[in-house]
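Take a look at the structure set out below.
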Amino acid sequence: MATKYLARRDASRLAVIGTGAMAREQVAAMLAVRPITEMFLYNRTKEKAEQFAAYIQEEHPEWQGTIHVMDNADEAVRQAHIVICSTRSTTPVFSGTALQPGKHINAIGSYLPHMQELDVETIIRADRIVVDTKEGVKHEAGELIQAENTGRWSFEQIDAEVGELVTGEKSGRQHEKEITLFKCVGVASFDLAVAMGVYKKAVENGKGMTISL
């Protein structure tokens, strides 16, 4: 949802920083909402990035784009229109100086106060910051907590929660040159809403089976 409302409509180049299990669903989501033609993969262990490239080709045989396994995270970011960070890092995974106008970042890996995928420069350079919930990120988003602690940024500068973009209460991307950032720490109610949606679809289509507990 964040990418749908915040990334440029013509965004076609995707950087994936961290190629573990979390990145699989993220890539599938990007392919669903943007015309991705190139992917730039970076992982601290290069072999895992190469394995992830093979996974993408096997899992998405209909996708005919190009995959690049990168040696440097900053270079992957420079090449991309959309950046996914899906690591459990406690130190920034790329430099904010690598950002150029027009990029969108999904930071979904870190979810505890001591974790930090993004540096303070990235937070400050973002023109628009959207979160899953303001209350959640105040307690769990290490990047935002540490940025506020420097005195150079404040939680008051958060532009919206992602739900407000969906309902139209708040606006998404305003122009092509904006740097947009979505920070997510995870919300159980969101998971429940998706599960209920899947359940209703299954009932409507006569799929699945009833199990007595």
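Computed from the coordinates by the stated procedures, all read-outs in this text should not be read as laboratory data. Everything numeric in this text was worked out from a predicted model, so none of it was measured. Quick reminder, even Gly has a Cβ in these numbers, built from the backbone with ideal geometry, and neighbours come from all protein chains shown.
Scan the chain and hand back the longest stretch that contains none of the GluC sites (Glu not before Pro) lying in DSSP loops with at most 12 other Cβ atoms within 10 Å.
By the stated rule (loop sites, at most 12 other Cβ atoms within 10 Å), 63-168.
Which entries of 134/183; 134/200; 4/138; 48/183; 170/200 have Cα-Cα distances beyond 18 Å here?
Table pairs above 18 Å Cα-Cα are 134/200; 4/138; 48/183; 170/200.
When mean projected area of the Cα convex hull in nm² is calculated directly from the model, which label among (i) 14.4; (ii) 13.5; (iii) 11.5 fits?
The value matching this structure is (ii).
Label point 7 Å out from residue 90 along Cα-to-Cβ: which residues of the stretch 107-124 have amide N under 18 Å?
109-120
With a 10 Å Cβ neighbour count serving as the proxy for reagent exposure, in which order, fewest first, do 31, 112, 165 appear?
Numbers: 31 17, 112 14, 165 21.
By the 10 Å Cβ count, ascending: 112, 31, 165.
For each of 81, 139, 104, 60, count neighbouring Cβ atoms within 10 Å of the residue's Cβ, then give the residues from fewest to most.
Numbers: 81 19, 139 11, 104 26, 60 14.
Least crowded to most crowded, the residues run 139, 60, 81, 104.
What lysines could a cross-link reach from residue 46, if we take a straight Cα to Cα line under 25 Å and drop same-chain neighbours fewer than 8 places away?
Output for residue 46: 103.
For the stretch 14-30, just list the computed ³J(HN,Hα) in residue order, Karplus coefficients 6.51, -1.76 and 1.60, θ = phi - 60°, integers in Hz, with x standing in for Gly and Pro.
Listing the rounded values in order: 10, 9, 10, 9, x, 10, x, 4, 4, 5, 4, 5, 4, 5, 4, 5, 4 Hz.
Find how many whole Å separate the alpha carbon centroid of the stretch 82-119 from the alpha carbon centroid of the stretch 141-208.
Rounded to whole Å, the Cα centres lie 15 Å apart.
Among 196, 1, 209, rank each residue by its count of other Cβ atoms within 10 Å, from fewest to most, as a rough exposure measure. Walk me through the intermediate numbers first.
On the way: 196 10, 1 16, 209 5.
So the ranking, lowest neighbour count to highest, is 209, 196, 1.
Just flag the trypsin sites (Lys or Arg not before Pro) in the stretch 40-99 sitting in loop per DSSP whose Cβ has no more than 14 other Cβ atoms within 10 Å. Let's see the in-between values first.
Details: sites: 44, 46, 48, 78, 88; in loops: 44, 88.
Here the sparse-neighbourhood loop sites are 44, 88.
Can you tell me the FRET efficiency between residue 68 and residue 28 if r is taken as the Cβ-Cβ distance and R0 is 22 Å, rounded to the nearest 0.05?
Values: r = 19 Å, r/R0 = 0.86.
Plugging the Cβ-Cβ distance into 1/(1 + (r/R0)^6) gives 0.70.
What is the gain in length, in nm to one decimal, between residue 170 and residue 114 on full extension, counting 0.36 nm per residue of separation less the C-alpha to C-alpha distance? Don't jump to the answer; show the numbers that get you there.
On the way: separation 56, 0.36 × 56 = 20.16 nm, distance 2.99 nm.
Contour length minus Cα-Cα distance gives 17.2 nm.
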